[in-house]
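Structure record follows, encoded as structure tokens.
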Amino acid sequence: MKRVVLFLLILCIGGNFNKSEANNNQTNQLYQAERVLMDQKGSVFLKNRGEVNRYLNSIFADSWFKKNFKIQKPQLIKSDKPDWAFSVLSGAGGKIAVPDSGCWNWVILHEVAHHIVPNDNHGRNFAKVELILIEHFLNSGASNALRQSFKKNNVKF
Ligand SMILES: [Zn+2]
């Protein structure tokens, strides 16, 4: 039986938070902590799904990524929420939904982390994987800034 779980929506354009998870402290703290990434070198806003698709392809073509994470590339679909990218996780290949207006490159790394640890929501393992992806695909300055921001915002990782 195919179980499809709609996982939380990550801020795509700064300042928007998922109110349906208002009681989830780790999630809200992680969203808050991620905002530090907007100011980091290597942080790029991908202006449409074509750019997002090229970025996603480059992640899944990366030899380090392929060696460490044996997952199928999620299908990129259109998000029906104007300012939100989110992931749909399922047993057999998931999806990443992105609005027409695009999203930050690190939002795509956040979404890919969901597909690597599909049963952790925004837990410790998710946060660890996100740091690893940010370090590899952005740079160590960005991952250090995110790590410090996790500590400051009481994100468990
Ligand atoms: Zn998320």
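What to note about this one:
- Pairing residues of region 45-66 that are under 17 Å from Pro99 (Cβ atoms) and touching a residue at least 40 places away in the same chain (Cβ under 8 Å) with residues that are of a type in the set (Val, Ile, Thr) and in a helix (DSSP H, G or I), at Cβ distances under 7 Å and at least 6 apart in sequence or on separate chains, gives Leu46/Val52; Val52/Ile108; Tyr55/Ile108; Leu56/Ile108.
- Test: residue in region 8-25 that is within 15 Å of the ligand (Cβ to nearest atom) and either at pLDDT 95 or above or basic (Lys, Arg) (or both): yes
- Test: Asn144 is surrounded by fewer than 19 Cβ atoms within 10 Å (Cβ to Cβ), at negative phi, without any contact (Cβ under 8 Å) to a residue 60 or more places away in the chain and not in a loop (DSSP other than H, G, I, E, B): yes
- The criterion of at least 1 residues that are at negative phi and over 15 Å from the mean Cα position of the chain (by Cα) is met, among strands (runs of 3 or more DSSP E) falling completely within region 65-123, by 75-78.
- Asp62 vs. criteria at pLDDT below 95, more than 16 Å from the ligand (Cβ to nearest atom) and more than 21 Å from His122 (Cβ to Cβ): no
- Candidate set: region 45-72, residues that are under 15 Å from Phe137 (Cβ atoms) and of a type in the set (D, E, K, R); chosen: the one surrounded by the most Cβ atoms within 10 Å (Cβ to Cβ): Glu51
- Counting only residues that are within 23 Å of Ile132 (Cβ to Cβ), crowded, with 21+ Cβ neighbours inside 10 Å and away from the ligand (no atom under 11 Å from the Cβ), region 92-106 holds 6 of them.
- Out of Leu89, Leu109, one residue alone is at pLDDT 95 or above and within 16 Å of the ligand (Cβ to nearest atom). It is Leu109.
The values are calculated or read from the model by the stated rules, or taken from the named source; none is laboratory data. Just so you know, these numbers come straight off a predicted model, no measurement behind them. Neighbour counts are summed over all protein chains in view; Cβ atoms, including those assigned to glycine, are modelled from backbone coordinates with ideal geometry.
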